[in-house]
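**Student:** The following block contains the structure, expressed as C-alpha cells.
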Amino acid sequence: MAGFGFLMKYSFKTIAIISVVIIVLASVVGFYLAPMLIDMNLKGLNLKPGSDMRKLWEKTPFPLTFMVYIFNITNPMEVVQGKKPRLQQIGPYVFNEWKSKNVISDDDNEDSVTFDLINTYTFRPDLTHGLTGDEVVTVPHMMLMGGLIAAQRDRPGLLGIVIQAFQQIFEPEGTPFLTTKVMDLLFNGVGVDCNREDLEASIVCPQIANEKNIKKINDTYFTISLFGESNGTSLGKYKVYRGVKDVTKVGQVITFEDSEVSKVFKGDCGKINGTDGTIFAPFHKKKDTFYSFSPVFCRSIGPVYKNEASYNSVPTSVYNIQFGDFKSNPSQHCFCRDGDPEKCPPKGTIDNYACMGVPMIMSKPHFLDADRNLLKAVDGLKPSKKLHDNYLQFEMQSGSPVSVKNRIQFALQIEKIEDFDLMANMEPAIVPIFWIEESLDLPAKITNVMRYGIYLFQTIISIIKYSGIIIGLIGIFFAAYRSFDKSAGTKVNVPIPVIENPLSGVNLQSRASAQKY
C-alpha cells in the first residue's frame, strides 16, 4: 500500500466519508444531472415561434438532391401488337429540392401550427452529365392509357364515350404511348387541347381539368406533367403539433386538408400516423417506427429497423422501407387496391390507384425485392441493392434523419381494352415509367453539433461518472483495510508464567518468555 502513503495522515473514517461523497457526486452528476441537461436541450427541439428550430423547419437551409430516371420504351409498336416492352433507362436528371412551409396560423391552446408544405425544384445541368432535358422519350401515356383502364374498371358503361373522347382529344397515331421531350414530361408540360365541339369530348374534358398534375392554361387548354403542377405550389395543408407542451408530439400530423383521416382510404388504412416527413420527435428507440403521412400515397408509410451504423462519427440506426410482403405480413393490406386484401398487387409493390386516379403501381426501382415475374414481363431492368434500395439513417436521441436515400419507382398497370384497337392486343403488364431518388446527407457542421453536444458530452460524463465511482470504491476498500490493519496491529502483553523445578528448587523461565501472546 506504499502508493497510498499520502493517505496515511488521514483517519480511515475520513477516507471512507470522502470516498462515499465522491461516489454520490459522480452518481448524481452521471445518472441524473447530465441526462437531465441533455433532455432539457432535446426538449428545446420544438416548433415554438421565433426559435432556431422553427426557423430551420420553416425553410430548410440546404436542398435535398432530387434525381429522376426515365424508362424509354424502344419498341412501342411491338408492344401494341402484344410483345414485351424493351426499356432503356435514361438519367439521372438532377435537381435541387428545396422544402419550405408557408405558415397559416399558430394555435397556442392546441399547441399546433397550420401550414402549406411546398417543394421547389431547380435543375442542375452541371450534375446531369451532359443531359439537357431535350432528349425525346416514349413512355406509357398515363392520361390516355390510365384513363381508359380506370373507366373500364370503375365505369364500364361509359367506356365507349371515354374512348371516343380520348381519340378526339389526344389523336393517338398508331400507338397509345406518349413521345415527348424529357423536360416537358417532367416540368414544362405536354399540351392537352380540349377545344372540341364533339359531344364526347365536351363530357370528358371537365373531368380532365380536375385531375392531378394538370395545369390549366385557359378554359380549354391544359398541360400535363409529372412535377410541374407541384413545383413551388402547396402539396397540401397540414396541421401538426408544435411540441412546446410535449416534445414527443412535435411534427405529428393532426389533420391534412382539414381532415383527421385520409379522404381516399377507409378504416385503419385511412388513419393519419406520423409527421409530414420533415421533422421527427426526439427520444426514439430502435423498436419505434418513424411514420410519416405522404400526399403522394394518400396514407402513412413507416420504415422498419434494419441495423446500427455511424455517420460522421455519430451513432445512427438504419431503417428500410419495405413494400407489399402480403403473405408474411397481412397488415400491409393498406398497400392493396382500396385497402382490400383480396386486391393485392404482386409482392414488393404498392397499388396507388385510389390515390392517383390511374392504375399506378409503386415499388423499389427495377422491381428490387419484388415478384420475379414482374422482371420477366419487360426487358431492360437490372435490380441492384446498392443502386435501388432505400434507407434512412436516424440519430435516435434527437430523432434527426442524417442520411437519406429515398428511392421509388412509378409504373403503369396495363390491361387489355378490347374496344380500343390500340390496346386490344397488348399483354397485361406492369410497365415502369420513371423512378426518383430523394437524397440527403447532413453536412458535418450540423452533425458535429450532435457529435460534440450529445455524444462527446456523454462520453466525458461517463468517464467522470465511472472514474468517480471507481476512485470512491478504492477509497472505501482502503479505509476498510486501514481499519482492519489498525485492529490487527494492536499488541496485547500477557504475564509470562514462572515454572518451578521440584528437583533443584531453581525457578526456570519458560522458553515462551520471548514470545508475546
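**Student:** Pull up region 112-164, narrow it to residues that are modelled with pLDDT of 95 or more and among the hydroxyl-bearing types (Ser, Thr, Tyr), then point me to the one that is least open to solvent (accessible area, probe 1.4 Å).
**Tutor:** For region 112-164, the residue satisfying everything is Ser112.
**Student:** I would also like to ask the following. Scan region 107-125 for residues that are under 20 Å from the mean Cα position of the chain (by Cα) and free of Cβ contacts under 8 Å to residues at least 60 places away in the same chain and report the count.
**Tutor:** Final tally of qualifying residues: 0.
**Student:** Separate question: Can you pull out the residues in region 165-190 that are open to solvent by less than 40 Å² (accessible area, probe 1.4 Å) and under 28 Å from Phe66 (Cα atoms)?
**Tutor:** Within region 165-190, Phe177, Leu178, Thr180, Val182, Met183, Leu185, Leu186, Phe187, Gly189, Val190 qualify.
**Student:** Can you tell me which residue in region 289-313 is nearest to Cys336 (Cα to Cα), limited to those that are touching a helix residue (DSSP H, G or I) at 6+ places or on another chain (Cβ under 8 Å) and open to solvent by 40 Å² or more (accessible area, probe 1.4 Å)? Steps first, answer last, please.
**Tutor:** Going residue by residue through region 289-313, those that are touching a helix residue (DSSP H, G or I) at 6+ places or on another chain (Cβ under 8 Å) are 296-299, 311-313.
Of the ones still in play, those that are also open to solvent by 40 Å² or more (accessible area, probe 1.4 Å) are 296, 312-313.
Details: Val296: 15, Asn312: 39, Ser313: 40 Å.
Per the stated criteria, the residue is Val296.
**Student:** Within region 222-245, restricting attention to residues that are open to solvent by 60 Å² or more (accessible area, probe 1.4 Å) and more than 13 Å from Pro295 (Cβ to Cβ), which residue is farthest from the chain's Cα centre (by Cα)?
**Tutor:** Lys245
**Student:** Could you identify the single residue in Lys286, Lys249 that is under 19 Å from the mean Cα position of the chain (by Cα), open to solvent by 30 Å² or more (accessible area, probe 1.4 Å) and at pLDDT 90 or above?
**Tutor:** Working: Lys286 fails: at pLDDT 90 or above.
Just a single option satisfies the conditions, and that option is Lys249.
**Student:** For region 332-381, which positions are without any contact (Cβ under 8 Å) to a residue 24 or more places away in the chain, within 19 Å of Pro85 (Cα to Cα) and buried (at least 20 other Cβ atoms within 10 Å of the Cβ)?
**Tutor:** Passing the criteria: only Leu368.
**Student:** For region 98-149, which residues satisfy the criterion of being β-branched (Val, Ile, Thr) and within 30 Å of Gln413 (Cα to Cα)? Spell out how you get there, then give the answer.
**Tutor:** At the first step, the residues of region 98-149 found to be β-branched (Val, Ile, Thr) are 103-104, 113-114, 118, 120, 122, 128, 132, 136-139, 149.
Matches in region 98-149: Ile118, Thr120, Thr128, Thr132, Val136, Val137, Thr138, Val139, Ile149.
**Student:** Anything in region 273-283 that is under 13 Å from the mean Cα position of the chain (by Cα) and either open to solvent by 50 Å² or more (accessible area, probe 1.4 Å) or more than 24 Å from Gly339 (Cβ to Cβ) (or both)? List them, or say none.
**Tutor:** Within region 273-283, the subset under 13 Å from the mean Cα position of the chain (by Cα) is 274-281.
Within region 273-283, Thr278, Ile279, Phe280, Ala281 qualify.
**Student:** Just to confirm my filter: which strands (runs of 3 or more DSSP E) fall fully inside region 246-355 and include at least 2 residues that are more than 26 Å from Asn448 (Cα to Cα)?
**Tutor:** Values: elements: 253-256, 292-294, 299-301, 304-311, 314-320, 349-351.
Qualifying strands (runs of 3 or more DSSP E): 253-256, 292-294, 299-301, 349-351.
**Student:** Surrounded by fewer than 17 Cβ atoms within 10 Å (Cβ to Cβ), of a type in the set (Asp, Glu) and over 30 Å from Tyr93 (Cβ atoms): does that describe Asp193? Steps first, please.
**Tutor:** Numbers: surrounded by fewer than 17 Cβ atoms within 10 Å (Cβ to Cβ): yes; of a type in the set (Asp, Glu): yes; over 30 Å from Tyr93 (Cβ atoms): no.
No: the conditions fail for Asp193.
**Student:** What residue, of Gly82, Gly44, Gly5, is open to solvent by less than 30 Å² (accessible area, probe 1.4 Å), modelled with pLDDT under 95 and farther than 30 Å from Gly130 by Cα? Show your work before the answer.
**Tutor:** Values: Gly44 fails: open to solvent by less than 30 Å² (accessible area, probe 1.4 Å); Gly5 fails: open to solvent by less than 30 Å² (accessible area, probe 1.4 Å).
Unique residue meeting the criteria: Gly82.
**Student:** Let me ask you something else. Would you tally the residues in region 384-403 being without any contact (Cβ under 8 Å) to a residue 60 or more places away in the chain and either surrounded by 20 or more Cβ atoms within 10 Å (Cβ to Cβ) or not in a loop (DSSP other than H, G, I, E, B) (or both)? Give the derivation first.
**Tutor:** Within region 384-403, the subset without any contact (Cβ under 8 Å) to a residue 60 or more places away in the chain is 384-388.
Now restrict to residues that are either surrounded by 20 or more Cβ atoms within 10 Å (Cβ to Cβ) or not in a loop (DSSP other than H, G, I, E, B) (or both): 385-388.
Total satisfying the criteria: 4.
**Student:** Let me ask something else. Going by the conditions given, is Ile217 over 29 Å from Phe283 (Cα atoms) and among the β-branched types (Val, Ile, Thr)?
**Tutor:** Details: over 29 Å from Phe283 (Cα atoms): yes; among the β-branched types (Val, Ile, Thr): yes.
Yes.
**Student:** Then there is this: Do we find that Tyr69 is aromatic (Phe, Trp, Tyr), over 30 Å from Pro172 (Cα atoms) and crowded, with 16+ Cβ neighbours inside 10 Å in this structure? Outline the logic, then answer.
**Tutor:** Details: aromatic (Phe, Trp, Tyr): yes; over 30 Å from Pro172 (Cα atoms): no; crowded, with 16+ Cβ neighbours inside 10 Å: yes.
Criteria not met by Tyr69.
**Student:** Next question, about the same structure. So Gly270 fits all but one of (1) at pLDDT 90 or above; (2) within 22 Å of Pro341 (Cα to Cα); what number is the exception?
**Tutor:** Checking Gly270 against (1) at pLDDT 90 or above; (2) within 22 Å of Pro341 (Cα to Cα), the one that fails is (1).
**Student:** Identify all residues within region 167-188 that are within 13 Å of Ile224 (Cβ to Cβ) and either among the small types (Gly, Ala, Ser) or under 40 Å from the mean Cα position of the chain (by Cα) (or both); write none if there are none. Don't jump to the end; show me each part of the working.
**Tutor:** Start the filter on region 167-188 by keeping residues that are within 13 Å of Ile224 (Cβ to Cβ), which leaves 169-170, 178, 180, 184-188.
Result: Phe170, Leu178, Thr180, Asp184, Leu185, Leu186, Phe187, Asn188.
**Student:** Okay, moving on. Within region 213-226, is there a residue that is at pLDDT 90 or above, hydrophobic (A, V, I, L, M, F, W, C) and within 28 Å of Phe170 (Cα to Cα)?
**Tutor:** Yes, some residue in region 213-226 is at pLDDT 90 or above, hydrophobic (A, V, I, L, M, F, W, C) and within 28 Å of Phe170 (Cα to Cα).
The values are calculated or read from the model by the stated rules, or taken from the named source; none is laboratory data. It should be emphasised that the depicted structure is a prediction, and the values quoted were computed from it without experimental measurement. All Cβ positions, glycine included, derive from the backbone under ideal geometry; neighbour counts span all protein chains shown. For the accessible areas, the whole protein counts, side chains as well, though only heavy atoms, and no ligand, DNA or RNA atoms are used. Shrake-Rupley method; radii C 1.70, N 1.55, O 1.52, S 1.80 Å.
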